[in-house]
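Reviewing the structure listed below.
The values are calculated or read from the model by the stated rules, or taken from the named source; none is laboratory data. Everything quoted here is computed from the prediction, not taken from an experiment. Don't worry about glycine lacking a Cβ; one is built from the backbone with ideal geometry, like all the others, and counts go over all protein chains shown. Ligands, DNA and RNA are excluded from the accessible area calculation, which covers all protein heavy atoms including side chains. Shrake-Rupley method; radii C 1.70, N 1.55, O 1.52, S 1.80 Å.
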Amino acid sequence: MIPYSTQTIEKEEIKSVTDVLKSNFLTGGPPVKRFEELISNKTKSKFALSFNSATSALHLSCLALGLKKNDYFWTVPNTFVSSATCGLLCDAKVDFVDIDASSNNISVRALKDKLHKAKKNKKLPKIVIPVHLAGFPYKQDEIWELSKEFNFKIIEDASHAFGARYKNNIIGNCKWSDITVFSFHPVKIITTAEGGAITTNDKDLKKKISLLRDNGLERNFKNFKYKNTKRWYYEHQLLGYNYRMNDIQASLGITQIKKVNKFHAKRKKIAKLYNEKLSKNSKINIPVFEKYFDPSLHLYVVKIKNNKRDKLLIKLRKKGIYTNVHYLPIHFHPFFKKLGFKSGQYPNSEKYGAEALSIPIYPNLKNKDQKKVIKEILKIL
């Protein structure tokens, strides 16, 4: 079976993990801090914090920005459910913004129209969570300008976009956002098995998220509420969570982050061949590549016309090629139907959900396997 994506684990990763297993620390040791330093350096952000998942990172980002009961937050329908459930965990109310039919990312026009209507109804969002789908950056600067006009915060869901660039700005530098969230799930650009991270340039946000991540416990005497000189002393200052990354995960991430440029180069080579061979078929829309961005290419999503997507997926699996759909629109899921969302509300996202197909792309994809994927797709269509 040729998967749509998979991790790239080599001897360096295996050694880094076994070294930790032989050390005195499995959690709370030096690797986590080192991994966070590397993330900060790579993204050119002031601060980085690691997590046990991107879902955890999204949740605490919402909490740190003050999202609470009866507040509104907006995201897009064509994303993983965590982009929406993160705010629901804060007891806030979710709504969606339709995507641009060409880029598959959040539509600036739809967002602007929705903001004007929400202002009249006094239902403006406290937070907007745009998504860099498949590692293709959305129009960050334009949405940042809207955030200043309509007074909302921005959490970039960059789960797919580690190492990507927009107008020569690396994703995660938070030039046009308050917080950026990354995922290090096995199929992502780099992996820590499970794991995630946030970057920010706001010292207060970093401090609050750090406290929330570590059970609400403060161990730095400079930040104690009560003066105490005892070395063993620590304080529980707020209701927090155990969302920390362990040293085994971090050691894997340290090794992977050093290879990110190599991984990107291999993904670009794969995408180039797909672009060349698949763009000639009128039944396929390949991803749109713009001059103003450099995508990370976490996914290579084609859109299959004329209701042929599902048949193509089934036939490819019979040929040993595992493709997938990213994503079924969130408002189609039973849980969100119960919240009152209906079919027809976000037409571009729904059309995307009916046509999108993620075909194999990962650093170790063999050229002969990619040629087989191309051959079978064209043959079946």
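Sequence-ordered 3J(HN,Hα) estimates for region 74-80 from the Karplus curve with 6.51, -1.76 and 1.60 and θ = phi - 60° stand at 10, 8, 9, x, 9, 8, 5 Hz, glycine and proline given as x. Dipole check for region 191-308: with +1 at the C-beta of Lys and Arg, -1 at the C-beta of Asp and Glu, and the Cα centre as origin, the magnitude is about 460 Debye. Ligands, DNA and RNA excluded, the heavy atoms of D95 present near 40 Å² of accessible surface to a 1.4 Å solvent probe.
Across all directions of projection, what mean area in square nanometres is found for the Cα convex hull of region 232-381?
14.8
The calculated 222 nm mean residue ellipticity attributable to helices in the chain amounts to -11500 deg cm²/dmol, summing -39500 (n - 2.57) over DSSP H runs of n ≥ 4 and dividing by all residues.
Take the solvent-accessible surface of the protein heavy atoms, probe 1.4 Å, and return the percent of it on the chain that carbon and sulfur atoms account for. Intermediate values should be presented prior to the final figure.
Working: 9370 of 18400 Å².
Carbon-and-sulfur percentage of accessible area, whole number: 51.
In this structure, the amide hydrogen of K93, modeled 1.01 Å from its nitrogen in the peptide plane, lies closer than 5 angstrom to those of N70, D71, Y72, F73, counting only residues at least 5 positions away or on a different chain. Region 271-303 and region 36-66 have Cα centres separated by 30 Å.
Computed with a 1.4 Å probe over protein heavy atoms only, the accessible surface of the chain comes to 48 Å² per residue.
Scoring 228-235, 115-122, 281-288, 332-339 by mean Cβ neighbours within 10 Å over their residues and listing the highest first yields 281-288, 332-339, 115-122, 228-235. Comparing region 4-148 with the 2.2 N^0.38 Å rule of thumb, its C-alpha radius of gyration ratio is 1.29 (two decimals). Summing Lys and Arg as +1 and Asp and Glu as -1 over all other residues whose Cβ lies under 11 Å from the Cβ of S56 gives a net charge of +1. Which one, N242, L278, I209, is farthest towards the positive end of the dipole of region 159-300 when Lys and Arg carry +1 and Asp and Glu -1 on their Cβ? The listed residue farthest towards the positive side: L278. Phi angles of region 216-221 translate, via the Karplus equation with coefficients 6.51, -1.76, 1.60 and θ = phi - 60°, into HN-Hα couplings of x, 9, 10, 10, 8, 4 Hz per residue; Gly and Pro are given as x. In a reduced charge model with +1 at each Lys and Arg Cβ and -1 at each Asp and Glu Cβ, region 195-263 shows a dipole moment near 240 debye about its Cα centre. Cα centroids of region 360-381 and region 309-333: 15 Å apart. Ordering N151, G353, V17 by Cα displacement along the dipole of the chain toward the positive end leaves G353 in first place; charges were set at the Cβ atoms of Lys, Arg (+1) and Asp, Glu (-1).
Annotation: amide H-H contacts under 5 Å for N215 (H modelled 1.01 Å from N, sequence separation of 5 or more, or interchain): Y241, N242, Y243. Under the combined filter of DSSP loop state and at most 10 neighbouring Cβ atoms within 10 Å, region 1-82 retains these trypsin sites (Lys or Arg not before Pro): K22, K69. Under 5 Å between amide hydrogens, built in the peptide plane, is the criterion, and for D98 it picks out nothing among residues at least 5 positions away or on other chains.
Normalise the Debye intensity by I(0) for the chain, one equal point scatterer per Cα, no solvent, then take log10 at q = 0.07, 0.08 Å⁻¹ and round to two decimals. Taking Cα atoms of the chain as identical point scatterers yields -0.32, -0.42.
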